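Please read the structure below before turning to the comments.
Please treat every number below as a calculation from the coordinates, not as lab data. Every value quoted in this text rests on a predicted model; they were computed, and no experiment measured them. A quick note on method: Cβ atoms are made from the backbone with ideal geometry, for glycine too, and the neighbour counts reach across all protein chains shown.
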Amino acid sequence: MTLQGAGSATATLLLMAVIVAPAWGVDVAAQSSAPAHQKLTFEGDTALWTMAIKPDKTADFEQIMKKLQEALLKSADPQRRQQAAGWKVMKISKPLPDGNIAYVHIVHPVVSGADYTIMQTLYDAYPEERQTLYELYRGAFAQNLSLATGSIAVDVSPAQ
């Protein structure tokens, strides 16, 4: 193969990658740039997400959750406001065996396709507070414990 033929083959492959990759769901531009934020989305109509928070940092965590609520409610994005309407956080009254405190995010109804990443939501709403919010959250967070998603199988509550 001549050098000219090799160049032509390379150009053809590159053109195919640009045309075919989007059809396969591959974002060629995103692969060549910095990695994109990984979205946290939930399947079904309900999500129960449990995390452990350090016992001496529960006030910090609850402050972050109140800031999250403000961010969702003040957002110009109707999807964000819809997320706020169905997102509650419950504090488990009994400490875990390691002393940490469990918090359960109860999301119902789940907003299909919405990003439930706490810090990304805060970063989008408060870019000037990014480092402070990160340090507050990171200092309180111990670990994710579980994530259960699905759909309500039986609703025993009386019809409204």
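Observations on the structure shown:
- Listed values for segment 119-127 are Karplus-derived 3J(HN,Hα) couplings in whole Hz (6.51 cos²θ - 1.76 cosθ + 1.60, θ = phi - 60°), namely 5, 5, 4, 5, 4, 5, 7, 10, x, and x replaces Gly and Pro.
- Theoretical FRET efficiency, 1/(1+(r/R0)^6), r = Cβ-Cβ of Thr132 and Val156, R0 41 Å, to 0.05: 0.40
- Computing FRET efficiency as 1/(1 + (r/R0)^6) for Glu62 and Gln38, where r is the C-beta to C-beta distance and R0 is 22 Å, gives about 0.30.
- The H on the amide N of Leu40, modeled in the peptide plane, is under 5 Å from the matching H of Tyr116, Thr117, each at least 5 residues off or on a different chain.
- Amide N proximity, segment 50-89 versus Val104 label position 7 Å along Cα-to-Cβ, cut-off under 14 Å: 50-52, 88-89
- The aspartates and glutamates whose alpha-carbon is closer than 20 Å to the alpha-carbon of Lys91, local same-chain residues fewer than 8 away aside, are Asp56, Asp60, Glu62, Glu70.
- Cross-link partners of Lys39 among lysines (Cα-Cα below 23 Å; sequence separation of 8 or more within a chain): Lys66, Lys67, Lys74, Lys88
- Dipole of segment 56-98, positive direction: furthest Cα of Pro78, Met90, Ile64, with charges on the beta-carbon: Pro78
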